[in-house]
Amino acid sequence: MASTLRFVNGRVYDPANNIDGEVRDICIKNGKVVDSLPDDTPSIDASGMVIMPGGVDIHSHIAGPKVNLARKLQPEDHRHDPHPGTNFTRSGSGGTVPSTFATGYRYATLGYTTVMEAAVTPIGALHTVEELHDTPVIDKGFYLLLGNNIYLQTLLKEGRHDEFKQAVGWWINKTKAYTAKLVNPGGDEPWKGKRNSNVTDIDEKSDLLNISPRDVIEAFVKTVNELGLPHPPHIHCNNLGHSGNYKTTLETMKTAGDLRMHLAHIQFHSYGGEPGKNPDSKAVEIAEYVNTHPNITCDVGQVMFGKSTIMTADAPLAYLLRGFKKGKWVNADAECESGCGILPFSYQEHVFTHALQWAIGLELFLLSEDPWRIMLSTDHPNGGSFMSYPKLIRLLMDKEFRKEEIGKVNQKAIAKTNLPSLDREYTLNEIAIISRAAPARALNLKHKGQLGPGADADITIYDDQEDKEMMFNAPRYVIKSGEMVIEDHEFRNDYYGKILHSAPEFDEEISEDIRPFFEKYYSIEFENYGVADHYLHEHEIIPRVSS
Amino acid sequence: MSLELSMHTRPQVPLEAELLGPDKTLGLDSKAVSGLQIQHGNEQVTVGDFFKVKGKGEGAIHLEGDLARVKLLGSGMTTGKLHIHGDVGEHLGVGMSGGEITVDGNAGDWVGPEMAGGRIVIKGNAKHLAGSAYRGSAAGMLGGEIFIHGHAKNEIGHGMRNGLIVIGGNAGDFTGVNMLAGTIVVLGEMGIRSGAGMKRGSIITMNPAEMLPTFSYDCIYHPVYLRLLFRALRTQGFNISDAKLTGKYQRWSGDSVELNKGEILVFTP
């Protein structure tokens with residue numbers, strides 16, 4: 001292991017430390033960035049190259065039971081895209097849902113070193129942790145689905161707010177999760193009880209428990225804040241994909257008051273129009289709200305044309321979509337906690353809705369006034385594979401290219417948006433923000449997304465090229481925790497990152513309250529639930545944050 | 001002169017010979033072909049380790065010996081002729097789009113999966129899944145012809161979308177399962193559950209067959225196109241009597257759990 005490394009003459013983009021393209025040296029010692037190294041340390045010349053912190057993906061689906069189900073559902077996807085091993089790395093298979101090994105290596109080949117799995121049921125947490133152990137290079141964590149948990153909703157209904165807080169703390173600890181994820185809060189349970197039923201309004205009370213999505217969201221925003229979890233509740237709003245859903249999205253954001261909230265794949269929640277009819281773009285309204293409310297962060301969930309796999313805990317949505325595609329699909333129930341739906345999908349340029357979704361995502365990026373709060377994601381693999389990030393970056397950085405691409409898609413859809421009038425081009429610094437610094441900040445990962453002294457030595461070095469797609473497709477060097485994983489575009493090392501999780505304080509007594517409920521309704525033993533400490537390999541507890 | 005390969009060592013585990021196609025060896029001399037790298041189990045070997053190679057790649061290949069453990073011959077073939085003088089292993093002519101493969105002996109599973117064009121002739125028997133879709137794929141055979149003079153086993157033409165499969169002998173169960181379109185002719189007997197889940201397409205058989213309850217009887221008639229089809233098949237060496245050429249057929253339509261636009265035609269003497 002090379003314990004020291006020095007790169008000289010590279011152009012550094014480190015927005016967290018206000019370094020915007022300055023030529024300076026980057027020194028690495030024992031897995032951390034340091035101020036300087038002795039003069040006799042050998043150095044690597046990085047002139048003509050761009051140095052950025054390793055990428056941080058705030059919202060992606062890479063491990064767990066639903067991801068595995070999507071793999072099993074699509075053997076044809078793997079057959080067409082084998083991922084051969086090298087002298088240093090293991091083999092796997094690709095497609096829109098790559099195998100664990102291929103996922104880690106492919107993220108690394110784009111320069112990403114930290115990825116968060118965005119939706120895991122508590123009952124699937126152990127499976128997820130096991131898969132994450134086998135996902136190489138990247139550091140990783142996961143968000144826990146708690147928005148349709150019957151036990152928690154019963155507490156809310158009964159007004160037992162302190163127990164609610166303790167129970168959320170118990171669940172996060174028990175499963176080694178990072179924060180709470182809400183998916184179509186309050187909507188899955190009615191759907192599981194009765195075909196085609198769902199909540200359609202944020203204030204609609206469900207027949208079952210007589211609480212509304214707003215009650216659930218409010219409780220989580222407050223609780224997550226009180227528990228001091230490093231990342232606010234990660235919310236997939238109600239009505240995803242439905243025309244006119246932007247109102248729900250605005251109402252969801254208002255529910256936060258001035259507390260922190262993260263909205264996932266906001267593109268899918270920015271549609272105008274009447275329910276059941278063709279949507280139009282409400283990117284302007286959504287972007288304006290986000291721009292003027294610094295407590296809100298979001299990731300875009302850009303749609304990229306080509307094959308994708310819809311995988312969501314929003315079971316009613318998957319059921320709806322399966323009617324359009326008429327192909328294979330899966331719907332699964334996760335006991336008292338969540339639902340799940342998966343279907344292979346493809347976004348096509350000529351289809352009105354797909355082109356509109358694509359355009360709305362780009363609008364949101366281009367209308368964003370604060371790149372620190374609107375981040376890059378494709379909601380992999382829902383909007384498209386993470387492998388399409390380089391193309392997305394080019395779309396943002398190169399308006400001529402964007403114009404060409406706009407010309408190729410459904411023009412009726414484009415006419416419903418402001419996309420052609422937006423001339424903005426992202427700078428390298430802004431790209432470094434939306435793909436690195438901002439997600440790290442939103443996740444409160446203080447040692448990531450930056451290159452100041454003491455930061456984790458997760459570093460990506462690109463050849464500076466005119467074609468940004470080419471540039472971001474193939475970093476010359478990728479360093480993970482001080483190890484040279486990729487050198488001259490080739491793997492030189494294998495590395496297994498750690499699991500990042502939170503451990504909020506809570507009152508142990510709550511487990512005695514959960515146990516009877518559990519024993520009555522769950523299919524597994526209470527003692528077998530969650531992730532015991534000995535299952536964790538390398539891990540790091542992210543300390544509590546005070547609001 | 002065409003390329004001639006005769007097997008001198010029988011492989012212990014299957015050889016993956018997707019490189020041995022007339023188009024992929026075009027212009028290569030015997031030395032170059034001997035040096036081609038192929039997979040033998042988990043190790044890389046050369047063609048010369050198992051075959052004696054003569055001649056030059058000029059669009060035709062003759063293979064001799066016991067090739068029952070040689071897989072993936074003629075994969076992705078676009079043109080030329082591949083003649084196998086003996087038995088052959090699985091996955092013959094995967095996704096081929098042109099040219100002709102002739103097998104004098106028997107073939108393994110997966111003859112011509114997802115093929116789009118060209119012709120495969122098996123003089124002996126074939127096993128399961130000829131002309132099928134690989135697991136997970138939406139469609140199987142997209143075009144071309146598969147002629148099996150002997151018997152075939154289960155799931156012939158699974159998910160096939162176009163093209164023609166002819167079985168001279170008997171077929172196993174699930175003939176034409178999930179078929180999207182295309183034609184399957186079985187001159188012998190079919191097993192059970194033929195056409196299960198078929199959307200469109202035709203399955204023609206010369207013997208009484210057990211119909212699924214989701215198939216409904218339509219009529220007895222003489223489809224004109226059968227005369228044309230059978231005349232063409234006679235030229236391919238299939239034995240079809242005049243009675244069948246001009247005879248009447250029961251028409252059953254199904255599968256009604258799907259589109260119900262498929263048909264099974266059963267010869268009625």
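Bear in mind these aren't lab numbers, they're just calculated from the coordinates by the rules spelled out. Being a predicted model, the structure only gives us computed values, none of them experimental. Counting neighbours? That spans all protein chains shown, and the Cβs are built from the backbone with ideal geometry, glycine included.
The number of residues in the stretch B:235-255 being in contact (Cβ under 8 Å) with a residue 60 or more places away in the chain and not in a loop (DSSP other than H, G, I, E, B) comes to 0. For the stretch B:131-159, name all the residues that are assigned to a loop (DSSP other than H, G, I, E, B), touching a strand residue (DSSP E or B) at 6+ places or on another chain (Cβ under 8 Å) and more than 21 Å from residue A:78 (Cα to Cα). B:144, B:149, B:150, B:151, B:152, B:156, B:157, listed by residue number. Does residue A:426 satisfy the criteria of being within 22 Å of the chain's Cα centre (by Cα) and of a type outside the set (S, T, N, Q)? Criteria met by residue A:426. Residues in the stretch B:48-95 that are more than 21 Å from residue B:150 (Cβ to Cβ), assigned to a loop (DSSP other than H, G, I, E, B) and more than 18 Å from the chain's Cα centre (by Cα): B:50, B:55, B:57, B:58, B:59.
Within the stretch A:328-342, being under 20 Å from the mean Cα position of the chain (by Cα) and in contact (Cβ under 8 Å) with a residue 60 or more places away in the chain holds for A:338, A:339, A:340, A:342. Taken over the stretch A:96-121, the criterion of being surrounded by 24 or more Cβ atoms within 10 Å (Cβ to Cβ) and farther than 17 Å from residue A:64 by Cβ is satisfied by A:105, A:108, A:111, A:112, A:113, A:114.
Conditions (1) farther than 21 Å from residue A:521 by Cβ; (2) aliphatic (A, V, I, L, M); (3) touching a His at 6+ places or on another chain (Cβ under 6 Å), marked per residue:
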site	(1), (2), (3)
A:126	no, yes, no
A:149	no, no, no
A:165	yes, no, no
A:168	no, yes, no
A:211	no, yes, no
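Applying the criterion of being part of a loop (DSSP other than H, G, I, E, B) and away from chain B (no Cβ under 14 Å) to the residues of the stretch A:67-93, the residue that is surrounded by the fewest Cβ atoms within 10 Å (Cβ to Cβ) is A:87.
Scanning the stretch B:111-139 for residues that are within 13 Å of chain A (Cβ to nearest Cβ) and touching a Phe, Trp or Tyr at 6+ places or on another chain (Cβ under 9 Å) turns up B:113, B:114, B:132, B:134. The lone criterion from (1) away from chain B (no Cβ under 14 Å); (2) surrounded by fewer than 18 Cβ atoms within 10 Å (Cβ to Cβ); (3) touching a residue at least 40 places away in the same chain (Cβ under 8 Å) left unmet by residue A:319 is number (2). Taking first residues from the stretch A:157-178 that are closer than 18 Å to residue A:209 by Cβ and partners that are among the charged types (D, E, K, R) and surrounded by fewer than 23 Cβ atoms within 10 Å (Cβ to Cβ), the Cβ contacts under 8 Å between residues at least 6 apart in sequence or on separate chains come to A:163/A:513; A:167/A:513.
Could you please find all residues in the stretch A:136-179 being closer than 20 Å to residue A:535 by Cβ and either in a loop (DSSP other than H, G, I, E, B) or of a type in the set (Asp, Glu) (or both)? Selection gives A:136, A:138, A:139, A:176, A:177, A:178. Looking at A:60, A:99, A:3, A:93, just one residue is touching a residue at least 12 places away in the same chain (Cβ under 8 Å) and more than 25 Å from the chain's Cα centre (by Cα), and that residue is A:3. Filtered by the rule that a residue be among the small types (Gly, Ala, Ser) and within 20 Å of residue A:435 (Cα to Cα), the stretch A:1-28 gives A:10, A:16, A:21. One residue alone among A:152, A:145 is crowded, with 18+ Cβ neighbours inside 10 Å and touching a Lys or Arg at 6+ places or on another chain (Cβ under 6 Å), and that residue is A:145. Select from the stretch A:95-120 the residues that are under 28 Å from residue A:539 (Cβ atoms) and part of a loop (DSSP other than H, G, I, E, B) and write down the one among them that is farthest from the other protein chains (Cβ to nearest Cβ). Going through the qualifying residues, I end up with A:111.
Exactly one residue out of B:93, B:55, B:105 is buried (at least 19 other Cβ atoms within 10 Å of the Cβ) and in contact with a strand residue (DSSP E or B) (Cβ under 8 Å, 6 or more places away or on another chain): that is B:93. Among the residues that make up the stretch A:431-451, is at least one of them farther than 19 Å from residue A:58 by Cα, of a type outside the set (Lys, Arg) and surrounded by fewer than 23 Cβ atoms within 10 Å (Cβ to Cβ)? No, the stretch A:431-451 contains no residue that is farther than 19 Å from residue A:58 by Cα, of a type outside the set (Lys, Arg) and surrounded by fewer than 23 Cβ atoms within 10 Å (Cβ to Cβ).
Do we have residue A:46 as under 23 Å from residue A:19 (Cβ atoms), away from every other protein chain (no Cβ under 13 Å), crowded, with 17+ Cβ neighbours inside 10 Å and among the small types (Gly, Ala, Ser) here? Judged against the criteria, residue A:46 is a match. Among the residues of the stretch B:197-249, the ones that are touching a Pro at 6+ places or on another chain (Cβ under 8 Å) and either surrounded by 18 or more Cβ atoms within 10 Å (Cβ to Cβ) or of a type in the set (Val, Ile, Thr) (or both) come to 1 in all.
The rows are residues; the columns are (1) out of contact with any Ser or Thr (no Cβ under 8 Å at 6 or more places or on another chain); (2) within 14 Å of another protein chain (Cβ to nearest Cβ); (3) surrounded by fewer than 23 Cβ atoms within 10 Å (Cβ to Cβ); (4) of a type in the set (Lys, Arg).
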{"site": "A:270", "(1), (2), (3), (4)": "no, no, no, no"}
{"site": "A:273", "(1), (2), (3), (4)": "no, no, yes, no"}
{"site": "A:308", "(1), (2), (3), (4)": "no, no, no, no"}
{"site": "A:312", "(1), (2), (3), (4)": "yes, no, no, no"}
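Filtered by the rule that a residue be of a type outside the set (Ser, Thr, Tyr), under 18 Å from residue A:436 (Cα atoms) and assigned to a strand (DSSP E or B), the stretch A:29-65 gives A:32, A:33, A:49, A:50, A:51, A:52, A:53, A:55, A:56, A:57, A:58, A:59.
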